[in-house]
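The structure appears below as structure tokens.
The values are calculated or read from the model by the stated rules, or taken from the named source; none is laboratory data. This one's a predicted model, so the numbers in the text were calculated from it and none came from an experiment. Reconstructed Cβ throughout: ideal geometry from the backbone, glycine too, with neighbour counts over all protein chains shown.
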Amino acid sequence: MTLPRPARQGETTSIDTEFFGQRKGRLHRPEGTFACLSIAYSPTEVYQVFDASDLRAAIERISPGLWVGHNLMYDIRQLRRFVDIPQRPVFDTMMMDQDLWGGYYRDFGLDDASRRWLGRRLEKEARDLFGKATTMTPEMVEYAATDAVRALEVMQAQRAYIAENEMEMRHYWEVDEPAMWAFLDFEPVKIDVDGWLKLAQENEQEAARLEKELGFNTMSPKQVIDAVKKQTGRTIKDTNAKDTLEPLADELRRQKRDRQAEFVDALLDVRRLRKMSSTYGRTWVDKYVEAGGLVYADWHVTAAETGRSSCSSPGLQQIPTRRVTHFRKLFVSKHKNGRMVIADQNQQEPRIMAWWSKDDALRGALLAGRDLHQEAADDFNLTRREGKDVNLGLGYGMSAEGLASRARIPLDVAEAGIRRRNGRYPMAAIWIGNQMNRGASMGHVSTSMGRRVWLNLYGMQWQRNAINAPIQGTAAEQTKTWLVLLHHECRRLGLPFRVCLQVHDELVADAAAGESRQYSKLLRECGVQSGRIVVPNMPMAVGLAIGPTWGSKE
DNA sequence: TGCCCTGGCGC
DNA sequence: GTACGTGCCAGGGCA
């Protein structure tokens, strides 16, 4: 038995766990049998625990230390199978790298960090040995120890860099790190499996029937280009719906070639239906739904370069809701007489733009509840629905040219509309210009809590990122702060943490019978409070809906 | 089989 | 010369 020596208070204590029989791509589902816990206080002082029955004593000994590790969500989730691990500040070298290098790097494995910070390669081949093995070989023991030591060395390099650059890292310590603990406590979400399978089958049959009528594979860009050529005589560069096929259908209709336009419409319909039935069909249930109709997704606290969270296996943030709402109606409460409480930040990104730019007109319009989408529609001579798309696009830094082609309006109308907007919200226009200048001179832009988003000044895209990143990134910080406050309040009140979904500006809690009023209140209060922290002086507002399913609107 | 590309969904 | 930001995922097509 090799228990670690007790950690001193706050001593950096690097930990790394290994398990036998973990399936690839399911690392967020703690499974397999315990193989090893490696603990490194320094490159030369490493302890390793190989017996699960020693875990409790080992964890107790290292408890006073500051835990360090690469992707600690994995280790904590696994260790919680054996020992209760309450929330505590941790130094996660992966999260720290993401928080330092958003926009600069894409890959954040320990091998990447080792190469970048230490200039040393790290072999990860031995990792695959754990999948099938049941006992540790000397090679595996060495691998496990090396990982713990390397994470410790990476941490030291990161810490030195942060000190040198006098960075506060509020976005790590006040946002992402505590948010990790909230995501660790996310509940699974329940699916109405019978309803889902029924819907999947209907979609599948309908897609097959309609595609048979068309007579070619609508998922093959190659075949679609050929079919369009044959049916309409037109040569298209790609088969993108928004950029190519929908404009083509419009044009054909203008030319009174209705049958050809209908052909393009039919092709688009079939393709969408096929996409839907393949993505959300029987295989979705087979892959992701576990006992009791429960789905345990893999939440990533900081996945996007702006700091946004993401979700995979399955991607619950992309469940359709605009064209069809039936899938979200199949996300139901786990509890008898339970209610889904759905909360979203009202006009989150426009409010953040108003906060950044200190534009009184925009701020006033938002606080007065003016309809900005209708305003955009009027500016560009569009429907309200299209006006909403325009606002979204302009928020993402869309140019007049991009707007003209996207909204299918003449370039001069787009330019005039943007001028009118800039006249109405002059400080916002100035802020956009300032962001460009700042980005060009610093190579990065920043969010409210201090996250840097690096720009690739050699590309063509950095201008749009310079505008979008501070807005999207600050929004992400607000939503994560919302989550953190709620998590904290639940613990303080002794209330179970019921959140099961986060969709950028939206949180969903699956409240048990009798809890929904209290949850609504908490979601609203924490949502408003998160605004006071992240965007002081710009009031934020929360919208609420309560019902039996995620698709409920009230 | 693995990888890249295309296309489509969310915000 | 480009053209709307960020992700996740499925199928086609090719090495």
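Annotations for the structure displayed:
- Looking across the range A:197-214 at every residue that is touching a residue at least 12 places away in the same chain (Cβ under 8 Å) and within 14 Å of DNA strand C (Cβ to nearest atom), the one that is nearest to A:ALA249 (Cα to Cα) is identified as A:LEU214.
- Of all the listed residues (A:TYR143, A:TYR105), the sole one being hydroxyl-bearing (Ser, Thr, Tyr) and within 30 Å of A:ARG464 (Cβ to Cβ) is A:TYR105.
One line per residue, one yes/no per condition, for (1) buried (at least 20 other Cβ atoms within 10 Å of the Cβ); (2) modelled with pLDDT of 95 or more; (3) charged (D, E, K, R):
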| residue | (1), (2), (3) |
| --- | --- |
| A:GLY131 | no, no, no |
| A:TYR143 | yes, no, no |
| A:TYR161 | no, yes, no |
| A:GLU174 | no, yes, yes |
| A:LYS190 | yes, yes, yes |
| A:TRP196 | yes, no, no |
| A:GLN201 | no, no, no |
| A:ASN217 | no, no, no |
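- Within the range A:353-388, if we keep just the residues that are hydrophobic (A, V, I, L, M, F, W, C) and outside any helix (DSSP H, G or I), the residue that is nearest to A:PRO426 (Cα to Cα) turns out to be A:ALA368.
- Residues satisfying the stated conditions in the range A:259-317, i.e. in contact with a Phe, Trp or Tyr (Cβ under 7 Å, 6 or more places away or on another chain) and either part of a strand (DSSP E or B) or among the hydrophobic types (A, V, I, L, M, F, W, C) (or both): A:VAL285, A:GLU290, A:VAL295, A:TRP299, A:VAL301, A:CYS311
- Members of the range A:83-122 that are touching a residue at least 24 places away in the same chain (Cβ under 8 Å) and aromatic (Phe, Trp, Tyr): A:PHE91, A:TRP101, A:TYR104, A:TRP117
- Tally of residues being among the basic types (Lys, Arg) and under 31 Å from the mean Cα position of the chain (by Cα) across the range A:1-42: 4
- Within the range A:139-150, residues that are of a type in the set (Ser, Thr, Tyr) have Cβ atoms under 6 Å from residues that are surrounded by fewer than 19 Cβ atoms within 10 Å (Cβ to Cβ) in these pairs: A:TYR143/A:ALA126, counting only partners at least 6 apart in sequence or on another chain.
- Matching residues in the range A:422-436 - criterion: being among the polar types (S, T, N, Q) and touching a residue at least 60 places away in the same chain (Cβ under 8 Å): none
- Residue that is touching a residue at least 12 places away in the same chain (Cβ under 8 Å) and either on the phi < 0 side of the Ramachandran plot or of a type in the set (Gly, Ala, Ser) (or both), where the choices are A:ASP226, A:ASP194, A:ASP176: A:ASP176
- Number of the condition not met by A:ASP298 [criteria: (1) of a type in the set (D, E, K, R); (2) more than 14 Å from DNA strand C (Cβ to nearest atom); (3) closer than 28 Å to A:ILE471 by Cβ]: (2)
- Test for A:VAL332: is it surrounded by 16 or more Cβ atoms within 10 Å (Cβ to Cβ), at pLDDT 95 or above, among the β-branched types (Val, Ile, Thr) and touching a Pro at 6+ places or on another chain (Cβ under 7 Å): yes
- Any hit, the range A:265-280, residues being within 16 Å of DNA strand C (Cβ to nearest atom) and of a type in the set (Val, Ile, Thr): yes
- Subset of the range A:302-328 that is out of contact with any strand residue (DSSP E or B) (no Cβ under 9 Å at 6 or more places or on another chain) and of a type in the set (A, V, I, L, M, F, W, C) - its residue that is surrounded by the fewest Cβ atoms within 10 Å (Cβ to Cβ): A:VAL324
- Residue match in the range A:363-382 (condition: within 14 Å of DNA strand B (Cβ to nearest atom), surrounded by fewer than 18 Cβ atoms within 10 Å (Cβ to Cβ) and not acidic (Asp, Glu)): no
- The set of residues in the range A:325-363 that are of a type in the set (Asp, Glu) and within 24 Å of the chain's Cα centre (by Cα) comprises A:ASP344, A:GLU349.
- Residue in the range A:10-21 that is among the β-branched types (Val, Ile, Thr), buried (at least 20 other Cβ atoms within 10 Å of the Cβ) and either touching a His at 6+ places or on another chain (Cβ under 7 Å) or under 25 Å from A:GLU305 (Cα atoms) (or both) present: no
- Qualifying residue in the range A:70-77 (condition: acidic (Asp, Glu), in contact with a helix residue (DSSP H, G or I) (Cβ under 6 Å, 6 or more places away or on another chain), surrounded by 13 or more Cβ atoms within 10 Å (Cβ to Cβ) and on the phi < 0 side of the Ramachandran plot): no
- Those residues of the range A:238-257 which are surrounded by 12 or more Cβ atoms within 10 Å (Cβ to Cβ) and away from DNA strand C (no atom under 16 Å from the Cβ), in sequence order: A:LEU248, A:ALA249, A:GLU251, A:LEU252, A:ARG253, A:ARG257
- The one condition from (1) under 19 Å from the mean Cα position of the chain (by Cα); (2) among the small types (Gly, Ala, Ser); (3) modelled with pLDDT of 95 or more that A:ALA304 does not meet is (3).
- Qualifying residue in the range A:440-460 (condition: buried (at least 18 other Cβ atoms within 10 Å of the Cβ), farther than 24 Å from A:ARG170 by Cα and either basic (Lys, Arg) or touching a helix residue (DSSP H, G or I) at 6+ places or on another chain (Cβ under 6 Å) (or both)): no
- Test result for A:GLU60, surrounded by fewer than 18 Cβ atoms within 10 Å (Cβ to Cβ) and either acidic (Asp, Glu) or over 29 Å from the mean Cα position of the chain (by Cα) (or both): yes
- Scan of the range A:282-296 for residues that are more than 14 Å from DNA strand B (Cβ to nearest atom) and not hydroxyl-bearing (Ser, Thr, Tyr), ordered by number: A:ARG282, A:VAL285, A:ASP286, A:LYS287, A:VAL289, A:GLU290, A:ALA291, A:GLY292, A:GLY293, A:LEU294, A:VAL295
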